[in-house]
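These notes are about the structure you will find just below.
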Amino acid sequence: NPENVHRAASRGEPAFFGDLTSPDILEAVGAGRARELVILINDPTAAERAVKAARGLAPALHILVRSRYVGALAPLRSLD
């Protein structure tokens, strides 16, 4: 949500809004140097693509994914 990102940025917190499924975006926001990546996407397929893209940049990165659907957990876990 761009509004949440704006609020966080106004408090000096590192928050970004963009297409997490794009390796270029992930690289631009520093995912390769990050300690943790939190993915808050309601689309299970997009969340999987985001995890794959992040793993491509930083295989050891700790990734936390919020999922609305229990059925989406197994495919996400298999990406680790």
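The values are calculated or read from the model by the stated rules, or taken from the named source; none is laboratory data. What you are looking at is a predicted structure, and each value in this text was computed from that prediction instead of being measured. Positions of Cβ are backbone-derived with ideal geometry, glycine not excepted, and every protein chain shown enters the neighbour counts. Accessible surface is based on the protein model in full, side chains and every heavy atom, while ligands, DNA and RNA are left aside. Shrake-Rupley method; radii C 1.70, N 1.55, O 1.52, S 1.80 Å.
Out of the total accessible area of the chain (probe 1.4 Å, heavy atoms of protein only), what percent is carbon and sulfur? Of all accessible area on the chain, carbon and sulfur atoms account for 53 percent. For the chain, the dipole from Cβ point charges (+1 on Lys and Arg, -1 on Asp and Glu) about the Cα centre works out to 220 debye, to the nearest 20. Listed options for Cα Rg over 2.2 N^0.38 Å are (i) 1.08; (ii) 1.13; (iii) 1.01. The value calculated from this structure is the one marked (i). A 1.4 Å probe run over the protein chains yields, for the chain, 71 Å² of accessible area per residue, whole-number rounding.
With contacts taken as Cα pairs under 8 Å at a separation of at least 6 residues, the chain carries a relative contact order of 28 percent. Close amide H contacts of residue 63 (hydrogens built in the peptide plane, cut-off under 5 Å, sequence separation of 5 or more or a different chain): 37. Length gained on full extension, residue 10 to residue 64: 17.1 nm, using 0.36 nm per residue less the C-alpha separation.
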